[in-house]
Amino acid sequence: FFYVSASPGAQPFLEQIENSAEALQDYGISVVKVNCPKEDVSRYCGKENALRKAYLFRGNMLIREFPTDALFDVNSVVANVLFALLFNEVKYVETLADLQNIENALKGRSNMVFAYVPATGTAEHRAVMEAAFVYGTVHQFVLTTEATLLRDTGNDEPDVSSARLLFCHCQRATDLAQPCRRTAMGQPLTMLNIHRHLKLMGAPLVTEVAEDPEKVSTVHLQLGLPLVFILSQKETYEADRRTAEFVAWQLLGKAGVALLSRDLVDLNILLRSNVALKTPDEGVPVKYLVLEDTDEVITLVEDKSKVGQIQEDDEEDEEDEDEKENNNQDIQDDQVVEAVSRDKKRELPLEQILVLTEETFHSALLETARTVVLFYASWEAVSLAVLRSYTEVADHLKGTQGVLLARVNCWDWPGLCTKENVTQFPTIRIYEKGERWVMYDGMWGTEELTSFIMLSRVSCPLKLATIEEAEGYLRGEFPSELSSYHHASVLGVFSTAMNEAREAFEEAGNILSGHVTTGMYFEDDALALSRKYMVSPPALLLARSGGRSVEGIALSKQSAQDMVRMIRYELLDIFPEITVQNLPRYLQLRKPFLILFSDGDIGEMESKEMLKLAKGRPRQAFVACWLNLKKTPVGYGVLKVYFATVPSLPLLLWVNLHAGGQVFKFPSEQTITEMNILSWLEKLKAGLEIPSSTLSEEDWKPPLPAYDFLQMMETAVPEVPLHTSHRRGDTPAPESPGGDTTVQREPSQETKAEKGGTPGRDLRGTVPRLAAREKQGKRHSEL
Amino acid sequence: LSLALYTGSLCVASSAAFLYHDYCVIGAGPSGLQAAYFLQQAGRDYVVFERSHAPGSFFALYPRHRKLISINKQYTGKCNSEFNLRHDWNSLLSHDHRLLFRHYSRDFFPNADAMVHYLEDFASLLKLQVQYNTAIIHVTLEKDEQAWNGHYFLLTDQDRHNYKCSSLLVATGMWVPNVVNFPGSEYVEGYETVSINPEDFAGQTVLILGRGNSAFETAENILGVTNFIHMVSRSRVRLSWATHYVGDLRAINNGLLDTYQLKSLDGLLEGDLEDLAIVKDKKGKLHITLRFYLENRNTSAGIDSITLPQDELDNFATRAPYDRVIRCLGWKFDFSIYNRSLRLMPGKGNKKKYPQIKPSYESRGTRGLFILGTASHSVDFRKSAGGFIHGFRYTTRAVHRLLENRHHGVPWPSTVYPITQLTNSIIKRVNEASGLYQMFSVLADIILLRENATAFEYLEEYPVGVLAELEMQTGRKAPNGLFVVIMEYGRNFSGADKDVFYYNRAVGEAQHAWQSNFLHPVIYYYKHLPTEREMKLRPPDWPLPRPDAVHHIVEDFLTDWTAPNAHILPLRRFLENCLSTDLRNFFAESCFFFAFTRQKLPPFCRQGYVGMQGLVGSEGLRRHAVEAGLLEDYTARDFSGDRTPDSHDGSQNQLLRDHAIPVRPLQHLVNAKDE
């Protein structure tokens, strides 16, 4: 560069060219500045114009002159200088024809590096030139700044503002008519990246290996890229080789591909595995996978985060593949629903049960003293299960006077059910002539419901007129309609003045209607009755099993609710036999169970000892009970869970149902006596015994997963911007809710997605299940 | 100046004689009466103003050819009254069974007179407060801090009577005919007045402007007697069976399409009416030309100097002269009576005929002003049924519920159920609810979960567009997540150019339910109530923002979603996975078993069995469950050396064992797949 010391305009340029000196030195180029004496009018100093130029010489030959404004920084200096020097190595093209000519000339001979830079003198331009300096003798470099050319080279939507570099595999190309295969460099154009890219392009497409993948190292791994192994065996070698090449082309520049012959290497891996992945990271073991098509291999590399996921899924698949087949989500696992649907073809004997409709409902209720109404929905399994029991009840009650069994299908008459405030299915109510009704709140079983209907026929509480009636009532002989019916009776004894207590008792009786019969006696001679049973009014007399035992209970609390609670509690047996039906009543006490499992009735001795224990101890502490395995065979299931096999019977257990869930077994060598049990219980309390079992604390989670439609939608229709709301920052509302978007929507996104899966790309057939997974969305054709 | 004087005089009169009502309803058409019904039921102070002497004055005149295109289905094979409303497009909602439209007409497409009669009965039988012969000609606001909405609505009728209301429900419908002005538009007859006697068209050539149902209805009427009919409109014909939108061309009216496509002289053309011009020649024939030619001619010359398109393009489509041109361009909302202060603005684009409202049907400009009925259709224009009786009867109810909550502290009606009823409640509603069905993608049932998912609260038919405001609008709280039950067509199924008869269009399997095309229930699950922002940023043509999980119940040919395995089971799995619990039903015996072997019980046992409502089940059912491998049969156990000698028992066991071949251990049932 020639300059006149006085010219200030040259100063910025001087700085830049001085800065470039070091960079240019690497390429054997020296920077010289010549201070032109004022009087010098030689070739370079003289002309006014010349001072705005820099000159490039080789030896004493002038190669090129540059206007100084083209050399605005180090990058532009280096780029332009190298561009001038590497005139043969880097061809500049402007038209597609030029490019094709070069390409055709290279076919079968050498490869081409095609670079597009938006402008010369940029950092990218410099990087390309620097690379050309190194590789210019190996590959033909072609440079352009024409955006149209980039478009013509098959880039659909090129971003013309950023530079791009394509490696064109012309050396392998044989067909003159076809353009060379291209591999675009994904990274930004820097010297290092270009170097790396060219290095990768130079590496063999598929490496064949015959050693443990852990030991293999290729250029890819050295450059920090993963290496994919396609596992091959002799029989499928040809197909595997093709697959490997196909994958390699897809992954060129992103990962290496190696073909590993399993026959030559003794690998301790699953036979089904067909792909292995080795990452450049130190110490990460090679992962073996079972993939189904080449797309998966590619996603595997492109989205490394998925590796773990696919792997996990796979492991799971391996473990419970068989189970999964049987354990499908679409198989019914609800015992009630399944039982009902298996029973649906059987015609139910419903002729005893009157069908009520919106029109007939009210008139029908007036016709009989008591109408039992089952509200149900004909599609709902629990209702239908109850309907079956209901037909059995109808059979039991056939011919009973004053009771009519009816049903309302809420699926037919939603208005009626809403009006009657029936919000749950099933619901059973007993309507008494007129307006009053009682809701059935007991077990949905034939026996329980029958008994409830029978007991609620008698008004509750029943007002007893004479002392004889009261005695008969306690014996279960009065009222006569219940005499053949086993039931407990509660008799309230009041003196005439005790209005408040009497009213409360009446209310309590109402609430308990159907569960227990209640009667009340408040005649003048009530005292005689109370004296006989040694209670003072107000009091209750509780008669069980036909009046053989009558208990007197003083009424201290006066509210109806308290009375209900008390009566319910008093009705519990001291040493009950636990059944499926009565367990809930004892569960409500929320106490540990001391339970004697017996195959059949319990022995007299055990019974006596247990009863003594139950009576002797304060009843608050635990529930003493027994279970007849003959009557309640599910008890076997319970024992099996506790002990795996059924131990010898009878068997006494302490079960902490509500706290901790420990199960303790009374030593079988000891006899069941009150004393033995008490001392055992002491030891339990002291923590000296080891529980035989502990009840599972597990939560009731969903038995099986649901169909993940959200994920299916995302996979099938990735264009659907499901995530927008989360990802996008401050973009405005995409569409007003009422916008007329439906009309102009893109052609079916679904079909697009379907087309996405190009056929013939799946991995070779050695992978089992390959075909099995190909299940397309089955659609109903015709019917 | 005259306007200023006019408004001035009004102000003077204002303080004098205002009749006050909490609610004023303008218009005693279907939506006005529907609103009146709900207000009356709730015991509110309201009045309906009707300019005519009877309700439904629009129907007294329209449709001109008297055939309603809303279906009146007499039979569905079901007696479920709620379900039947899905196929009754004319009745309004009421408790009175006499007021079902099928009692008024036996025609599938009833005569409009039946509607007039029906609306009269609806108003009189229910004793609705309608003030007839009262045309509201001006509506303005009076600011008042005390008022419900910070202002009162002041209404003036034709006799200068004044009314004052706290809340204004506009149910005036769409009755102002759309007209286009172009040179020669004076020769155009309007749908409102055109003859409906086919005789009058005998041997004539007719051009119809417009492509809606009124245009086709007009064409249908004269199809047999005209030389030919041409129809011109800017947009392509949209067939309602392809778009699933009842406002598009209904098959009952499309006779002209048949004759067009079967080369019978009639025809359809697309073109912008704004560019047209009509020229009448000396014989009284009407020629179509372009506005462009008229603007360029020298004004002095006569009719013959006007360039006709065929002068330059001798095969111009509408070169044949017409005897008549009829305008059938539909109607728009009457904006004229509202003072500027109400800021009742027309919508944008193809919704400019409607006033701008929020998805809550409240005006965007004025709080307390709600648009009801067909004028509220901008919320779901060309999507759902909100512009039609069978749609807006539900949206009107929704507006009423919003108002009850806002002004009277009556929260949105809801029912609380135990969680075991969750699957049932959804199945019940998707099978019978008519509001969800008619107002698909607009009204949704909302299920608000209670803490720990032990119970839930069920709200029906809430406008889904204001989901984010749910707590404020309903007075119900949603702190523990919610389900939104809605009905949708397949996303790419409906549209003017879509083939809706393509082979394999129906999805049959539950696992592909999300691809269902026909109307089917969709349940969205949100852990938190979506925010206003999320609602705004939802994907286009999604009614709701991205949920935490979504479930589609597979489309059903009979719209009967009660199949245990295809419909209920996948729904249950979805609900279970959202709530992370087990929603199966169990027989009492299983609950007994769980009570003794597990510290926790599944919800069904907890809420049923433990509360002494266990499902004992009949012996037959028990056996079925055992056969299915879902219940273990312990009576069939064989304990060596422990057998009872009871021969009867033994043989029974044997029998059961033979029956119960695929006995799988109960563990299968118990094994809750955790991770």
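Being facing another protein chain (nearest Cβ under 9 Å), crowded, with 24+ Cβ neighbours inside 10 Å and within 22 Å of residue A:377 (Cα to Cα) is a property that does not hold for residue B:566. So which of B:324, B:291 ends up being among the basic types (Lys, Arg), surrounded by fewer than 18 Cβ atoms within 10 Å (Cβ to Cβ), touching a strand residue (DSSP E or B) at 6+ places or on another chain (Cβ under 6 Å) and not assigned by the TED database to the domain that holds residue B:171? Result of the check over B:324, B:291: B:291. The set of residues in the range A:504-532 that are in a loop (DSSP other than H, G, I, E, B) and either β-branched (Val, Ile, Thr) or in contact (Cβ under 8 Å) with a residue 40 or more places away in the chain (or both) comprises A:513, A:514, A:515, A:516, A:523, A:525.
Checked against (1) touching a residue at least 24 places away in the same chain (Cβ under 8 Å); (2) β-branched (Val, Ile, Thr); (3) surrounded by fewer than 21 Cβ atoms within 10 Å (Cβ to Cβ); (4) out of contact with any strand residue (DSSP E or B) (no Cβ under 7 Å at 6 or more places or on another chain), residue A:286 passes all but a single condition, namely (4). Looking across the range B:584-613, the residues that are under 17 Å from residue A:426 (Cβ atoms) and aliphatic (A, V, I, L, M) come down to B:588, B:612. Picking from residues in the range B:373-426 that are surrounded by fewer than 22 Cβ atoms within 10 Å (Cβ to Cβ), within 14 Å of chain A (Cβ to nearest Cβ) and of a type outside the set (S, T, N, Q), the one that is nearest to residue B:147 (Cα to Cα) is B:413. Tell me, please, whether a residue that is under 21 Å from the mean Cα position of the chain (by Cα), under 24 Å from residue B:403 (Cα atoms), surrounded by fewer than 18 Cβ atoms within 10 Å (Cβ to Cβ) and within 14 Å of another protein chain (Cβ to nearest Cβ) can be found in the range B:345-359. Yes, the range B:345-359 has at least one match. Scanning the range B:438-483 for residues that are surrounded by 19 or more Cβ atoms within 10 Å (Cβ to Cβ), more than 14 Å from chain A (Cβ to nearest Cβ) and among the polar types (S, T, N, Q) yields B:438, B:473, B:474. Restricting the range B:616-632 to residues that are within 7 Å of chain A (Cβ to nearest Cβ) and in a loop (DSSP other than H, G, I, E, B), the residue that is surrounded by the fewest Cβ atoms within 10 Å (Cβ to Cβ) is B:618. When residue A:344 is tested against the conditions (1) assigned to a strand (DSSP E or B); (2) within 13 Å of chain B (Cβ to nearest Cβ); (3) not hydrophobic (A, V, I, L, M, F, W, C), the lone failure is (1). Residues in the range A:672-714 that are within 18 Å of residue B:550 (Cα to Cα) and more than 9 Å from every other protein chain (Cβ to nearest Cβ): A:711, A:714.
Every residue, every condition in (1) of a type outside the set (A, V, I, L, M, F, W, C); (2) surrounded by fewer than 18 Cβ atoms within 10 Å (Cβ to Cβ), yes or no:
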| site | (1), (2) |
| --- | --- |
| B:154 | no, no |
| B:168 | no, no |
| B:181 | yes, yes |
| B:186 | yes, yes |
| B:189 | yes, yes |
| B:193 | yes, yes |
| B:196 | no, yes |
| B:203 | yes, yes |
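Among the residues of the range A:594-606, is there at least one that is charged (D, E, K, R) and without any contact (Cβ under 8 Å) to a residue 40 or more places away in the chain? Yes, there is a match, as at least one residue in the range A:594-606 is charged (D, E, K, R) and without any contact (Cβ under 8 Å) to a residue 40 or more places away in the chain. For the range A:543-562, state whether one or more residues are free of Cβ contacts under 8 Å to residues at least 12 places away in the same chain and touching a strand residue (DSSP E or B) at 6+ places or on another chain (Cβ under 9 Å). Within the range A:543-562 (the criterion being free of Cβ contacts under 8 Å to residues at least 12 places away in the same chain and touching a strand residue (DSSP E or B) at 6+ places or on another chain (Cβ under 9 Å)), the answer is yes, since at least one residue qualifies. For residue B:604, the criteria (1) assigned to a loop (DSSP other than H, G, I, E, B); (2) in contact (Cβ under 8 Å) with a residue 24 or more places away in the chain; (3) of a type outside the set (D, E, K, R) hold in every case but one, which is (1).
Yes/no matrix, rows are residues, columns are (1) assigned to a loop (DSSP other than H, G, I, E, B); (2) in contact with a strand residue (DSSP E or B) (Cβ under 9 Å, 6 or more places away or on another chain); (3) within 18 Å of residue A:193 (Cα to Cα); (4) modelled with pLDDT under 85:
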site	(1), (2), (3), (4)
A:62	no, yes, no, yes
A:69	no, no, no, yes
A:72	yes, no, no, yes
A:77	no, yes, no, no
A:81	no, yes, no, no
A:88	yes, no, no, yes
A:103	no, yes, no, yes
A:131	no, yes, yes, no
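Among residues of the range B:181-234 being acidic (Asp, Glu) and touching a helix residue (DSSP H, G or I) at 6+ places or on another chain (Cβ under 7 Å), the one that is nearest to residue B:320 (Cα to Cα) is B:220.
Residue-wise test of (1) farther than 30 Å from residue B:242 by Cβ; (2) more than 22 Å from the chain's Cα centre (by Cα); (3) assigned by the TED database to the domain that holds residue B:248.
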| residue | (1), (2), (3) |
| --- | --- |
| B:454 | yes, yes, no |
| B:473 | yes, no, no |
| B:476 | yes, yes, no |
| B:492 | no, no, no |
| B:500 | no, no, no |
| B:506 | no, yes, no |
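Among the residues of the range A:669-689, not a single one is at pLDDT below 85, in the same structural domain as residue A:581 (by the TED database), exposed (fewer than 15 other Cβ atoms within 10 Å of the Cβ) and among the polar types (S, T, N, Q).
With respect to being crowded, with 19+ Cβ neighbours inside 10 Å, more than 14 Å from chain B (Cβ to nearest Cβ) and not charged (D, E, K, R), residue A:467 falls outside the description. Condition check for residue B:369 on (1) surrounded by fewer than 24 Cβ atoms within 10 Å (Cβ to Cβ); (2) in the same structural domain as residue B:343 (by the TED database); (3) not hydroxyl-bearing (Ser, Thr, Tyr): one failure, at (1). Of all residues in the range A:631-656, those satisfying the criterion of being in contact (Cβ under 8 Å) with a residue 60 or more places away in the chain and either more than 8 Å from chain B (Cβ to nearest Cβ) or touching a Leu at 6+ places or on another chain (Cβ under 7 Å) (or both) are A:653, A:654, A:656. The residue that is surrounded by the most Cβ atoms within 10 Å (Cβ to Cβ), among those in the range B:101-136 that are within 26 Å of residue B:156 (Cα to Cα) and of a type in the set (Gly, Ala, Ser), is B:123. Candidates A:549, A:559, A:545: the one that is modelled with pLDDT of 80 or more and polar (S, T, N, Q) is A:559. The criterion of at least 2 residues that are touching a Ser or Thr at 6+ places or on another chain (Cβ under 8 Å) is met by the following helices (runs of 4 or more DSSP H) wholly inside the range B:209-280: B:240-243.
The values are calculated or read from the model by the stated rules, or taken from the named source; none is laboratory data. As the structure is a prediction and not an experimental result, all values here were calculated from the model. For neighbour counting, all protein chains shown are included, and Cβ atoms are generated from backbone atoms with ideal geometry for every residue, glycine included.
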